[in-house]
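Working notes, beginning with the structure itself.
The values are calculated or read from the model by the stated rules, or taken from the named source; none is laboratory data. Note that the coordinates shown come from a computational prediction; the quantities given were computed from them, not determined experimentally. Because the Cβ atoms are built from the backbone with ideal geometry, glycine has one as well, and the counts that use them run over all protein chains shown.
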Amino acid sequence: MARRAQPLGAVVPAGVAAGALVLALCLGTLAAVAWRAEAGGGLGAADWAAIRFTLFQAALSAGLSCALAIPVARALARRQFAGRGLLITLLGAPFILPVIVGVVGLLALFGRNGMVSAALAPLGLGPVDIYGLHGVLLAHVFFNLPLATRLILQGWLAIPAERFRLAAALGFGPGDVVRRLEVPMLREVLPGAFLVTFLICVTSFAVVLTLGGGPRATTVELAIYHAFRFEFDLGRAALLSLIQFGMCAAAALMALAVTVPGGFGAGLDRPLKRWDADHLGLRMQDAAWLGLAGLFLLVPLALIVLRGLAGLAEMPAAVYAAALRSLVVALVSAAVTVGLALPLALAANRLGGLRGTALQGAGMLAIAASPLVMGTGLFLLLFPVVDPVALALPVTAVVNAAMSLPFALRALGPVLAETERSHGRLADSLGLHGYTRLRLVTLPRLRRPLGFVLGLSAALSMGDLGVIALFADPAQATLPLQLYGLMGAYRMEAAAGAALLLLALSLGLFWIFDRGGRANAAV
Amino acid sequence: MLRFDGVEIRQGSFCLRADFEVAPGRILALLGASGAGKSTLIDAVAGFVTPRSGRITWQGQDITLRPPADRPVSILFQDNNLFPHLSVAQNVGLGLRPDLRLSSAQHDAVAGALARVGLAGFGGRMPGQLSGGQRSRVALARTLLRGRPVMLLDEPFAALGPALKSEMLDLVAALAKDAGATVLMVTHDPEDARAIASETALVADGRVHPPHPTGALLADPPEALRRYLG
């Protein structure tokens, strides 16, 4: 089709400005860091250990998550039971579950005073020690098993139902179905799922901060934090930041190359009729996998609620002040996310072609960026001008927004393209341009994804324990940082209460915005 | 007069030539197989496709390169003729002002147009609550308010049953007659042409054949048309 004979309007400059801002946040901070790094020395033995541990734990975490996700996804794909839809929805929850809250739940189950230790004590065993590599792995599997399951389930459901019908007609046994249908599908889906979870585990900070640590379980991200916060060795922090960015960029590029499946797509609750899996043995096997995975994911969440309710009364007043600060940061961050994502998506869609893809790519760059690197860079840039501590909360909101941006663009982009495809020509022929078109056509059509993006970015920011840990003093703590402080002081009842409050606020923010996007939305 | 003056449209290896004219107030059917280029020609008139060479003129004015909204045409697409999130009255009102800031006289005009297409009192409904035929009527009401002298129909009634389709074609003919509008309609069914088109042009073999009076053409089809009719 010929190019539209209409002016580009203000959309493209606004989008390019948003893209430039994101580039500055991702690469500008990196440049600031790199410039500083020259002053520092080389890498010490501890730094090499951190690099090795980062890659080792990420590979192991991703491998375990994906390996366990295969039988769970298979059971979900081929079984129908009451609550199946609910279980699949719950698998999406860890994505917006604040990491520190999940850790509190895991400690309640596997910690020194947790349920497992209590059960083992009469046998003369235990208590279980959750700190170290195995604790980090446990938490990473807790957070990434659901995501990997959703990604792999997507692959299962992408196999046309007709294939299974044909397989049944040809008399395929379970082994034949595995060989002819499932293994080829897994070969396509697994690399993407592995790389996504690997990337998440490489950048994971809060899990390692709480469950790792010590010379044998320190990641690069954690080493940056230590160099910055405790040793105030900016040169070393900068050097480690560069290494962290390099690892993330390499993993992200590999993930792009193998085309990652989208894990948040609709239609995941569509069950499949499977004739080949109708054996008692297979049914029991599937039930066992679903039961174990369900327990592993749900018991920690249930413990957060139970212990949290008891702990609510124990919370110091500082928790409420921190909760209020976190709410404001979350709302600002959500607004900034949409303020960046909307012009970026509109401009990329309008430009189309290579230039549109390039703009979109600039927005997605934050996938490879680490929040701590961004925070370190911003500190180095702001340090000579203002007191960075005074800017701790605004910087947190902006960095959180940048981290949410890739998800926002993925949610908005396809709906925007579909709107243009279905209604663009009608709008053109009626003379709907510029702001009028935005108001009457584009925004109403984008309502659902916009609600989702606002909810997601608010929830992610609410629960984030990352860049805030670099800057804030106790007077400016957000709720996750306050919670971390309570855990560090072994005030476990108060911590449980704060965890429940944080959980309720994060899920509540997501629910309110996402609902708002759906309510009364005419299709 | 709508004139195609040595128009040549290219899309990849596909090529369509058009060199003919339609007198004001006539209804011309563009008849041909799918993929022959009927919709492409309509798109060129509406401004969604730019010809590689030649000119399209209306009353002597060159409109070949004008933006879609500035052309003397209203178009009905095969589908998506209404915005699903806007009410019936809002969809019709877009024909008067794209920003929908309507005066009370304009609101009355919207109600009048809806009454004219047999949908009096439907203004508050959403498109999703209407049947396919009713949705087509809403789009026609908007066309009425836009008051453009050329109406382009890209098979908007293809999804309707035979009785409903002929009802809609009759409505189009009546509205066009009232307004004195020129109509170009795409169809693959000679019965549609016979129903309302005074002239018919065959689109085949990469060109638009010259229009002829529909009755005579269908009674004694030339070779190319005979091949299409089978």
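Within the range B:54-68, residues that are within 7 Å of another protein chain (Cβ to nearest Cβ) have Cβ atoms under 7 Å from residues that are aliphatic (A, V, I, L, M) in these pairs: B:Leu65/A:Ala5; B:Pro67/A:Ala5; B:Pro68/B:Ala46, counting only partners at least 6 apart in sequence or on another chain. Take the residues in the range B:74-104 that are small (Gly, Ala, Ser) and over 19 Å from B:Val117 (Cβ atoms); name whichever of them is farthest from the other protein chains (Cβ to nearest Cβ). Per the stated criteria, the residue is B:Ser104. For residues in the range A:416-426 being more than 8 Å from chain B (Cβ to nearest Cβ) and buried (at least 17 other Cβ atoms within 10 Å of the Cβ), which is farthest from B:Ser136 (Cα to Cα)? Filtering first and then ranking leaves A:Leu416.
Of the residues that make up the range A:229-248, is at least one closer than 30 Å to A:Leu76 by Cβ, in contact with a helix residue (DSSP H, G or I) (Cβ under 6 Å, 6 or more places away or on another chain) and hydroxyl-bearing (Ser, Thr, Tyr)?
Going through the range A:229-248, the residues closer than 30 Å to A:Leu76 by Cβ turn out to be none.
So far as the range A:229-248 goes, no, none of its residues is closer than 30 Å to A:Leu76 by Cβ, in contact with a helix residue (DSSP H, G or I) (Cβ under 6 Å, 6 or more places away or on another chain) and hydroxyl-bearing (Ser, Thr, Tyr).
Just one of the listed residues (B:Ala216, B:Ala181) is touching a strand residue (DSSP E or B) at 6+ places or on another chain (Cβ under 9 Å) and small (Gly, Ala, Ser), and it is B:Ala181.
Only helices (runs of 4 or more DSSP H) whose full extent lies in the range B:131-230 are considered here, and the ones with at least 2 residues that are outside the structural domain of B:Ser34 (by the TED database) and crowded, with 22+ Cβ neighbours inside 10 Å are B:132-146. Of the helices (runs of 4 or more DSSP H) lying entirely inside the range A:125-228, the ones with 3 or more residues being surrounded by fewer than 22 Cβ atoms within 10 Å (Cβ to Cβ) are found at A:133-158, A:161-169, A:174-177, A:183-203.
Scanning the range B:12-41 for residues that are assigned to a strand (DSSP E or B) and touching a helix residue (DSSP H, G or I) at 6+ places or on another chain (Cβ under 7 Å) yields B:Leu16, B:Ala18, B:Ile27, B:Ala29, B:Leu30, B:Leu31. Taking the listed residues A:Arg325, A:Arg283, A:Arg350, the one that is over 26 Å from the mean Cα position of the chain (by Cα) and not assigned by TED's automatic domain parsing to the domain that holds A:Pro98 is A:Arg350, with no other qualifying.
Restricting to the range A:10-61, name every residue that is of a type in the set (Ser, Thr, Tyr) and touching a Gly at 6+ places or on another chain (Cβ under 7 Å). Of everything in the range A:10-61, just one residue is of a type in the set (Ser, Thr, Tyr) and touching a Gly at 6+ places or on another chain (Cβ under 7 Å), namely A:Thr29. Checking A:Leu450, A:Leu440, A:Leu503 one by one, the residue that is in a helix (DSSP H, G or I), away from chain B (no Cβ under 14 Å) and not small (Gly, Ala, Ser) is A:Leu503 and no other.
Does the range B:48-67 contain any residue that is under 21 Å from A:Glu420 (Cβ atoms), assigned by the TED database to the domain that holds B:Cys15, under 18 Å from the mean Cα position of the chain (by Cα) and crowded, with 22+ Cβ neighbours inside 10 Å? Scanning the range B:48-67 turns up no residue that is under 21 Å from A:Glu420 (Cβ atoms), assigned by the TED database to the domain that holds B:Cys15, under 18 Å from the mean Cα position of the chain (by Cα) and crowded, with 22+ Cβ neighbours inside 10 Å.
Candidates A:Ala69, A:Ala73, A:Ala77, A:Ala50: the one that is out of contact with any Leu (no Cβ under 7 Å at 6 or more places or on another chain) and of a type in the set (A, V, I, L, M) is A:Ala50.
Criterion first (within 14 Å of chain A (Cβ to nearest Cβ) and either surrounded by 22 or more Cβ atoms within 10 Å (Cβ to Cβ) or not in a loop (DSSP other than H, G, I, E, B) (or both)) does B:Ala44 satisfy it? Step through it out loud before you land on a result.
On the way: within 14 Å of chain A (Cβ to nearest Cβ): yes; either surrounded by 22 or more Cβ atoms within 10 Å (Cβ to Cβ) or not in a loop (DSSP other than H, G, I, E, B) (or both): yes.
Judged against the criteria, B:Ala44 is a match.
Residues of the range A:427-436 that are assigned to a helix (DSSP H, G or I), without any contact (Cβ under 8 Å) to a residue 12 or more places away in the chain and within 8 Å of chain B (Cβ to nearest Cβ): A:Ser429, A:Leu430, A:Thr436.
Taking the listed residues A:Ala345, A:Ala362, the one that is touching a residue at least 40 places away in the same chain (Cβ under 8 Å), assigned by TED's automatic domain parsing to the domain that holds A:Cys26 and surrounded by 24 or more Cβ atoms within 10 Å (Cβ to Cβ) is A:Ala345, with no other qualifying. Across the range B:112-135, the number of residues qualifying as within 14 Å of chain A (Cβ to nearest Cβ) and without any contact (Cβ under 8 Å) to a residue 24 or more places away in the chain comes to 1.
Look through A:Ala321, A:Ala313, A:Ala330, A:Ala334 and report the one residue that is in contact with a Phe, Trp or Tyr (Cβ under 9 Å, 6 or more places away or on another chain), farther than 15 Å from A:Ala17 by Cα and in a helix (DSSP H, G or I). Give the derivation first.
Details: A:Ala321 fails: in contact with a Phe, Trp or Tyr (Cβ under 9 Å, 6 or more places away or on another chain); A:Ala313 fails: in contact with a Phe, Trp or Tyr (Cβ under 9 Å, 6 or more places away or on another chain); A:Ala330 fails: in contact with a Phe, Trp or Tyr (Cβ under 9 Å, 6 or more places away or on another chain).
Exactly one of A:Ala321, A:Ala313, A:Ala330, A:Ala334 is in contact with a Phe, Trp or Tyr (Cβ under 9 Å, 6 or more places away or on another chain), farther than 15 Å from A:Ala17 by Cα and in a helix (DSSP H, G or I), namely A:Ala334.
Here is a check on your reading of the model: is A:Ala402 crowded, with 21+ Cβ neighbours inside 10 Å, small (Gly, Ala, Ser), in contact with a Phe, Trp or Tyr (Cβ under 7 Å, 6 or more places away or on another chain) and within 15 Å of A:Asp464 (Cα to Cα)? Write out each step before concluding.
Values: crowded, with 21+ Cβ neighbours inside 10 Å: yes; small (Gly, Ala, Ser): yes; in contact with a Phe, Trp or Tyr (Cβ under 7 Å, 6 or more places away or on another chain): no; within 15 Å of A:Asp464 (Cα to Cα): yes.
When the stated conditions are applied, A:Ala402 does not pass them.
In the range A:126-175, what residues are out of contact with any Lys or Arg (no Cβ under 9 Å at 6 or more places or on another chain) and basic (Lys, Arg)? Across the range A:126-175, the qualifying residue is only A:Arg150. Of the residues making up the range A:505-512, none is over 18 Å from A:Pro98 (Cβ atoms), in contact (Cβ under 8 Å) with a residue 60 or more places away in the chain and not aromatic (Phe, Trp, Tyr).
Scan the range B:24-41 and tell me whether some residue there is surrounded by fewer than 21 Cβ atoms within 10 Å (Cβ to Cβ) and more than 23 Å from B:Asp192 (Cβ to Cβ). No, the range B:24-41 contains no residue that is surrounded by fewer than 21 Cβ atoms within 10 Å (Cβ to Cβ) and more than 23 Å from B:Asp192 (Cβ to Cβ).
Scan the range B:159-197 residue by residue and report those that are among the acidic types (Asp, Glu) and more than 19 Å from B:Val138 (Cβ to Cβ).
Within the range B:159-197, the subset among the acidic types (Asp, Glu) is B:167, B:170, B:178, B:189, B:191-192.
B:Asp189, B:Glu191, B:Asp192 - these are the residues of the range B:159-197 that are among the acidic types (Asp, Glu) and more than 19 Å from B:Val138 (Cβ to Cβ).
Applying the selection to the range A:206-224, what residues are of a type in the set (D, E, K, R) and over 18 Å from the mean Cα position of the chain (by Cα)?
First pass over the range A:206-224, keeping only residues of a type in the set (D, E, K, R): A:216, A:221.
Across the range A:206-224, the qualifying residue is only A:Arg216.
Just checking, does the range A:379-398 include any residue being farther than 30 Å from A:Ala206 by Cβ and crowded, with 24+ Cβ neighbours inside 10 Å? No; the residues of the range A:379-398 include none that is farther than 30 Å from A:Ala206 by Cβ and crowded, with 24+ Cβ neighbours inside 10 Å. Within the range A:82-123, the set of residues being assigned to a loop (DSSP other than H, G, I, E, B) and either touching a residue at least 24 places away in the same chain (Cβ under 8 Å) or surrounded by 16 or more Cβ atoms within 10 Å (Cβ to Cβ) (or both) comprises A:Gly92, A:Ile96, A:Leu97, A:Pro98, A:Gly111, A:Asn113, A:Gly114.
Could we say that A:Met492 is within 17 Å of A:Leu309 (Cα to Cα), touching a helix residue (DSSP H, G or I) at 6+ places or on another chain (Cβ under 7 Å), more than 14 Å from chain B (Cβ to nearest Cβ) and of a type in the set (A, V, I, L, M, F, W, C) here? No: the conditions fail for A:Met492.
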